[in-house]
C-alpha cells in the first residue's frame with residue numbers, strides 16, 4: 001500500500017541546520033514538502049536551504065530561539081505568511097545536560113528544560129490552533145532513548161526527554177478528534193556534530209541522521225487513521241560504546 005502524498009504540504013523543522021534536523025529537512029524536501037527550517041545560526045540554515053534548492057525543493061530558513069515565545073510566534077506567523085498553513089511540525093532542537101541531579105546548577109537545569117521541553121511546548125502552543133481549525137496535522141517529536149531508560153548521571157537531559165514523551169501523549173489525546181497525530185521518536189546514539197569525537201564512541205556502530213529521517217517519513221506517510229501510539233525506540237544492534 002502506498003503512503004500518503006505529502007507534496008505541497010508545509011513543515012516546520014526545528015534544529016534543522018545540522019544533524020538529525022538537517023537530515024529530516026532534506027528528506028521532507030525530497031518528497032515535495034515545503035520546509036521551514038528553524039535554528040539559532042543563520043550559516044547552517046543557509047547551507048541547508050541552498051542544498052534543498054539545488055535539489056529542486058522549496059524551503060526557507062528562519063533564525064529562531066525556540067525557548068523565546070516571541071521567536072516561536074514569529075516562526076509560525078512567517079511560515080503561514082509564506083506557505084499558507086502548517087501541516088507538519090518536527091520538534092527536533094535539543095541540548096545536552098548530563099551529570100548527577102545534585103550537581104546541576106540551576107542555570108544549566110533551566111537551560112536544558114527550556115530547550116528540550118519549553119521549546120516543543122511553545123511550538124505546539126502556536127501551531128495546534130491552526131491544525132485544529134483545518135482538522136489535520138502531524139507533530140513529530142525527536143526525543144531520546146534517555147526518555148525511556150534511566151541512566152544515572154544523565155541528569156537534566158534524561159528528565160527533559162521523559163517529560164517530552166509525556167507532552168506528546170497529552171497532545172495526542174487532546175487533539176486526535178481533530179485529525180491530529182503525534183509521534184515521538186526515541187533514538188539511540190546518533191552521529192551528529194554534538195556527538196562526534198566522544199571518547200569511546202565507535203561511529204561505525206551508531207545511527208545516522210538519515211536513519212531517523214527515514215523513520216520520520218514512514219510515520220508521516222501512514223494513512224490518517226493509523227496511530228503508532230507510544231514513543232518509538234530506534235537503536236543499533238551493536239553497542240556503539242567500546
key: Qualifying residue in the range 6-15 (condition: crowded, with 22+ Cβ neighbours inside 10 Å, on the phi > 0 side of the Ramachandran plot and at pLDDT 95 or above)   = yes
task = Residue by residue through the range 141-174, note down the ones that are in contact with a strand residue (DSSP E or B) (Cβ under 8 Å, 6 or more places away or on another chain) and surrounded by 23 or more Cβ atoms within 10 Å (Cβ to Cβ).
result = 141, 142, 143, 144, 147, 161, 164, 168
request  = Select, from 43, 57, 19, 23, the only residue that is over 20 Å from residue 163 (Cβ atoms), surrounded by fewer than 16 Cβ atoms within 10 Å (Cβ to Cβ) and touching a residue at least 12 places away in the same chain (Cβ under 8 Å).
outcome  = 43
key: Residues of the range 182-195 satisfying the condition of being surrounded by fewer than 20 Cβ atoms within 10 Å (Cβ to Cβ), touching a residue at least 40 places away in the same chain (Cβ under 8 Å) and over 15 Å from the mean Cα position of the chain (by Cα)   = 193, 194
request  = Tell me, please, whether a residue that is outside any loop (DSSP other than H, G, I, E, B) and free of Cβ contacts under 8 Å to residues at least 40 places away in the same chain can be found in the range 223-232.
outcome  = no
note = For residue 127, the lone unmet condition from (1) surrounded by 14 or more Cβ atoms within 10 Å (Cβ to Cβ); (2) farther than 21 Å from residue 65 by Cβ is (2)
request  = Name the single residue, out of those in the range 1-13 being touching a strand residue (DSSP E or B) at 6+ places or on another chain (Cβ under 8 Å) and in a loop (DSSP other than H, G, I, E, B), that is nearest to residue 79 (Cα to Cα).
outcome  = 9
key: Residue in the range 199-221 that is more than 14 Å from the chain's Cα centre (by Cα), closer than 27 Å to residue 101 by Cβ, in contact (Cβ under 8 Å) with a residue 60 or more places away in the chain and surrounded by 14 or more Cβ atoms within 10 Å (Cβ to Cβ) present   = no
message = Here is a check on your reading of the model: is residue 179 at pLDDT 95 or above, on the phi > 0 side of the Ramachandran plot and more than 16 Å from the chain's Cα centre (by Cα)?
response = yes
inquiry  = Considering only the range 191-201, I want to know if a residue exists there that is modelled with pLDDT under 95, touching a strand residue (DSSP E or B) at 6+ places or on another chain (Cβ under 8 Å) and farther than 22 Å from residue 16 by Cα.
reply    = yes
ask   = Of these, 135, 111, which one is more than 18 Å from residue 162 (Cα to Cα) and in contact with a helix residue (DSSP H, G or I) (Cβ under 9 Å, 6 or more places away or on another chain)?
value = 135
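The values are calculated or read from the model by the stated rules, or taken from the named source; none is laboratory data. Everything quoted here is computed from the prediction, not taken from an experiment. Virtual Cβ from ideal backbone geometry, glycine too; neighbours counted across all protein chains shown.
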